[in-house]
Amino acid sequence: MTRFSRLAVVPLLLSMSLPFATAAHAETGVTDTTVRIGQLGALTGPGYFTGKLVMDGADIVYKEVNKAGGVNGRKVEMVRQDDRCDPAAAIGAAKKLIFDDKVFIIHGGGCSNASIGAFPEIKESKVPWVIFASVADSLTSPTTPDIFTTALTASIESASQLEFALSKGAKRIAIISTRDAWGRARYEALMEDFKKKGIAPVADEEIGAEANDATPQALRLQQAKADAVLLVTFPKAGAALLRDAAKIGYKPILIGTTAMGDLPVLAKQVGSPGALDSMYAISHVRYMPEDKEMADWRRLFTQYYPGETMSIYHLLGIASAQVVVEALNQAGKDLTRASFVKAMDKIDFKSTIYPGAIACTVTDHQCHKHAAFVQLVDGRISTVATTSLAK
Amino acid sequence: MFAYLLASGLTLGALYALAAVGLVIVVKATSVVNLAQGEMFMFGGFFGFLFHVQLGLPYVPSLLLAVAAAFLMGGVVYRAAFRPLMKSGLVSVLLASIAISFILKGVARAIWGGVGDYVPFPPMFSGPPVQLGGVIVLPQQLVVLASSLALLIGFASFFRFTETGKWMQAMADNAKAATLVGIPIDRLQHLTFALSAGAAGAAAVLMAPLTQLYPDIGFGIFVKAFAGAALGGLSSLPGAVLGGFLVGLIESFVAGYVGSKYQDVSAFVVIMFALLFLPRGIMGGAAMRKI
C-alpha cells in the first residue's frame with residue numbers, strides 16, 4: 001500500500017464508523033437520532049382500507065413530528081409490511097418487521113383475522129404492538145404485557161350498542177346477527193351484556209352475511225314488537241334488512257356496528273328512501289373528515305396526499321399515531337421497549353379525534369372505551385351521541 | 001305474514017329458476033354440471049353494471065347488452081375451456097369448470113373489486129314500495145317476477161317451436177342418435193353454453209338491484225340453483241323452473257315460520273332430500289332401465 005493510499009484509508013474508516021457511532025443504542029430499532037416503527041396491515045386486496053389508509057393517516061402525524069424535530073430528538077422512520085388481510089401472509093409480514101426490519105414497535109393490525117394470525121409471532125417476540133384497527137377481543141384479552149389496542153374492541157362495541165339502545169329509551173330490544181366467527185364473538189358478548197343488565201332480547205334472529213332477502217327476519221322482528229334492533233352483521237345483510245323493514249313499514253331504532261359505519265354507501269345499497277331514518281352506527285372516531293374540527297388535518301392530508309380523498313380510516317390512523325407519539329414522548333430520552341410499554345401502561349391521552357380519552361392500565365390494554373354513534377343527516381354522516389364504558 | 005313470505009319467496013324463486021334453467025340446459029346438452037354457472041351469473045351482472053352504471057345507459061338496453069355480452073362470454077368459454085376437454089371425460093370437464101369459476105372471479109375482482117364493497121345497482125324503477133292487495137312489494141320485485149316469467153316462456157317457446165330448439169332437445173335425449181341424423185352436436189353444445197350464460201346474465205341484471213353485486217356472489221346463487229335443479233330434475237327444464245321456485249318459497253317460509261337460523265341451511269336440506277328420495281327430481285321422469 002502506498003503512503004497516499006494509507007492516508008486515504010483513515011478518513012474512509014472514520015466515515016464508515018460514523019453511522020455505527022450514531023446507531024449505538026441498546027435497543028433494537030432505536031438510534032440516538034431515529035426510532036423505527038413497523039406498520040402492519042393490508043396494503044393490497046379488499047381489506048386495504050383498514051391497512052393502507054390507516055397507515056397513510058398515521059404517517060401524517062409521524063411526518064409532522066419529524067418536521068418539528070422528532071420525539072425526544074429522534075426522527076420517526078416508518079416501514080410497512082403487507083398482511084393482505086390474510087392470516088398466513090400476516091405471519092410472514094410480522095416476521096419481516098421483527099427480524100428483517102428490526103423495528104422498535106409495531107403500530108398496525110387492520111383485519112382481525114390477519115392480526116389473530118400474526119399474534120403468536122408478535123407476542124413471542126415481545127416487540128410492543130399498538131393495534132390501530134383490529135377489533136378482535138382475543139388480541140388484547142387476556143392482557144398481554146406488550147400488546148395494546150386503540151381500536152374499539154368487538155365486546156366494547158356490543159356493550160355500547162346495548163347502552164345506546166337503552167339511552168334512547170328502548171324497552172323491547174332485539175338482536176339480529178350473522179353467526180360467523182366475527183359475528184359470534186360479538187353476539188356472545190352482547191348476550192352477556194343483556195344478562196348483566198338483567199334483560200332478555202325480545203327476538204334473536206339470524207341472517208346470512210350475504211342474504212339477498214330479509215323479509216322473514218323483518219316480519220319476525222315486527223311480530224316481536226321490538227322497538228330497537230341491534231344489528232350484528234355486515235353491510236350486505238344489513239342493507240337487505242333495512243330495505244325489507246322499510247318495505248313492510250317497520251321502523252324500529254336500528255343500531256349497527258362499525259362495520260356498517262359507511263352510511264352514505266349503505267343508503268345506496270338499501271335503495272329505499274327513508275329506510276335509514278332511524279339507523280345509527282358506531283364509529284371509532286368522533287368527527288368525520290369533512291367536519292370543521294378536522295380542517296387542520298384535512299389541510300395536511302391534501303398536502304401529503306394531493307388528489308386523494310380523506311376518509312374515516314385516515315382519521316383512525318391519525319388518532320392512533322397521536323397515542324403512539326405521546327407514549328414515545330412519555331418514555332423519555334432513554335427509549336427502550338420496557339420504557340415504552342411502561343408509558344403505554346399508564347397512558348391517558350385526551351384525543352381530539354376519538355370520542356373520549358385513550359386510557360390504558362397495567363391490567364387493561366383495551367384502551368378505547370368511548371363509542372361515537374353516527375347517523376345520516378342530510379346525506380352526511382353526523383355524530384349524534386357518544387357512550388362511555390370507561391370505569 | 002303469509003302473503004309477504006309468498007311474495008319474497010316467489011321473487012327469490014324466480015331468480016333461482018332462471019339460474020337453474022341455465023344449469024339444466026348445459027346438463028341436457030353435455031351431461032355436465034357447469035360449476036362456473038354462478039360466476040357466469042356474477043359476470044353477467046357486472047356487464048349490466050358496466051352498461052347501466054359506468055356507461056350510464058338506461059336499464060333495459062343495459063339488460064339486453066349484458067345478456068348479449070354474457071351470451072358471447074359463454075360461447076368463448078366453451079370454445080376455450082370446455083370443447084377441447086369434452087372427449088377427455090367428465091372429471092376433466094368438471095375440473096375445467098372449477099378453473100373457469102376461479103378465473104372469472106379473479107378477473108371480476110381485478111376489474112370491479114378491490115375495496116371489498118358490495119356494488120349497489122340502481123333498480124329499473126326507483127320509488128316507494130307499492131301495495132298489491134294486502135301486500136307491499138318493491139317495484140323491482142315486480143320487475144323480476146314479470147321479466148323472469150317472460151324469459152322462461154321465451155325459453156320454453158324456443159325449445160318447443162324452433163328447429164334449433166328441437167335439435168337441442170333431440171341431442172339431449174340421445175346425442176348419438178342425433179349425430180347419426182346429421183344434427184351438428186358441436187355447434188349446438190356451443191350454443192347451449194352461450195344460451196346458459198345469457199340466461200344467467202339476464203337473471204343477474206334483474207336481481208342485482210335486490211342482491212347488489214360482488215365478485216363472490218356466484219357460489220351462493222349456484223348452490224340455490226343447483227338445489228332447484230336437483231329438486232325439479234336435472235334433466236327437465238320445467239322441473240328446473242318448478243324446483244327454483246320451490247327452493248325460493250321453502251327458504252322464505254322456513255325462515256318466517258320455523259326460524260331465521262334455518263334460512264340458509266334449507267337449500268342444502270333440499271339437495272339432500274332430492275338426492276335421497278327423488279334422485280331424478282320431481283319432473284325428471286322414471287329411471288330408464290338399460291337392457
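General observations
- One residue stands out among those in the stretch A:171-185 that are basic (Lys, Arg) and more than 13 Å from chain B (Cβ to nearest Cβ): the one that is surrounded by the most Cβ atoms within 10 Å (Cβ to Cβ), which is A:Arg172.
- Residue that is within 21 Å of the chain's Cα centre (by Cα) and within 14 Å of another protein chain (Cβ to nearest Cβ), where the choices are A:Tyr48, A:Tyr62: A:Tyr48
- Filter pass, B:Ala69 being within 23 Å of B:Met124 (Cβ to Cβ), within 14 Å of chain A (Cβ to nearest Cβ) and touching a helix residue (DSSP H, G or I) at 6+ places or on another chain (Cβ under 9 Å): no
- Residue, nearest to the other protein chains (Cβ to nearest Cβ), within the stretch A:295-312, restricted to residues that are surrounded by 21 or more Cβ atoms within 10 Å (Cβ to Cβ) and at pLDDT 90 or above: A:Met310
- Taken together, the criteria place A:Thr309 among residues that are part of a loop (DSSP other than H, G, I, E, B) and closer than 24 Å to A:Arg380 by Cα.
- Residue in the stretch A:130-139 that is farther than 24 Å from A:Ala281 by Cα, in the same structural domain as A:Asp348 (by TED's automatic domain parsing) and buried (at least 23 other Cβ atoms within 10 Å of the Cβ) present: yes
- The set of residues in the stretch A:245-294 being among the acidic types (Asp, Glu) and within 12 Å of chain B (Cβ to nearest Cβ) consists of A:Asp262 alone.
- Subset of the stretch B:170-223 [outside any helix (DSSP H, G or I) and within 12 Å of B:Gly44 (Cβ to Cβ)]: B:Leu213
- Within the stretch A:186-209, the set of residues being aliphatic (A, V, I, L, M) and either within 13 Å of chain B (Cβ to nearest Cβ) or touching a Lys or Arg at 6+ places or on another chain (Cβ under 8 Å) (or both) comprises A:Val202, A:Ala203, A:Ile207, A:Ala209.
- Only one of B:Leu57, B:Leu18 that is without any contact (Cβ under 8 Å) to a residue 12 or more places away in the chain and either buried (at least 22 other Cβ atoms within 10 Å of the Cβ) or away from chain A (no Cβ under 14 Å) (or both): B:Leu57
- Filter result for A:Val323 (surrounded by 18 or more Cβ atoms within 10 Å (Cβ to Cβ) and not assigned by TED's automatic domain parsing to the domain that holds A:Lys52): no
- Matching residues, the stretch A:280-310, being over 13 Å from the mean Cα position of the chain (by Cα) and of a type in the set (S, T, N, Q): A:Thr302, A:Gln303, A:Thr309
- Residues of the stretch A:21-53 that are in the same structural domain as A:Phe301 (by TED's automatic domain parsing), among the hydrophobic types (A, V, I, L, M, F, W, C) and at pLDDT below 95: A:Ala42, A:Leu43, A:Phe49, A:Leu53.
- Residue in the stretch A:312-330 that is outside any helix (DSSP H, G or I) and over 20 Å from A:Gln366 (Cβ atoms) present: no
- Taken over the stretch A:74-88, the criterion of being at pLDDT below 95 and either more than 25 Å from A:Ala42 (Cα to Cα) or among the small types (Gly, Ala, Ser) (or both) is satisfied by A:Ala88 alone.
- In the stretch B:205-247, the residues that are away from chain A (no Cβ under 12 Å) and in contact with a Phe, Trp or Tyr (Cβ under 7 Å, 6 or more places away or on another chain): B:Ala225, B:Gly228, B:Leu237, B:Gly244, B:Val247
- Test: residue in the stretch B:98-105 that is more than 25 Å from A:Leu219 (Cα to Cα), within 14 Å of chain A (Cβ to nearest Cβ) and either assigned to a helix (DSSP H, G or I) or of a type outside the set (Val, Ile, Thr) (or both): yes
- Matching residues in the stretch A:219-244 - criterion: being closer than 26 Å to A:Trp182 by Cβ, more than 9 Å from chain B (Cβ to nearest Cβ) and either surrounded by fewer than 22 Cβ atoms within 10 Å (Cβ to Cβ) or in contact with a strand residue (DSSP E or B) (Cβ under 7 Å, 6 or more places away or on another chain) (or both): A:Leu221, A:Ala224, A:Ala226, A:Ala228, A:Val229, A:Leu230, A:Leu231, A:Val232, A:Thr233, A:Gly238, A:Leu241, A:Leu242
- Residue within the stretch A:84-107 that is farther than 22 Å from A:Arg337 by Cα and in contact with a Cys (Cβ under 7 Å, 6 or more places away or on another chain) present: yes
- You will find that of A:Thr140, A:Thr144, the residue that is touching a residue at least 24 places away in the same chain (Cβ under 8 Å) and within 17 Å of the chain's Cα centre (by Cα) is A:Thr140 and no other.
- Residues being out of contact with any strand residue (DSSP E or B) (no Cβ under 9 Å at 6 or more places or on another chain), surrounded by 14 or more Cβ atoms within 10 Å (Cβ to Cβ), assigned to a loop (DSSP other than H, G, I, E, B) and within 10 Å of chain A (Cβ to nearest Cβ) - total across the stretch B:121-164: 2
The values are calculated or read from the model by the stated rules, or taken from the named source; none is laboratory data. Just so you know, these numbers come straight off a predicted model, no measurement behind them. With ideal geometry, Cβ positions are generated from the backbone for all residues, glycine too; neighbour counts draw on all protein chains shown.
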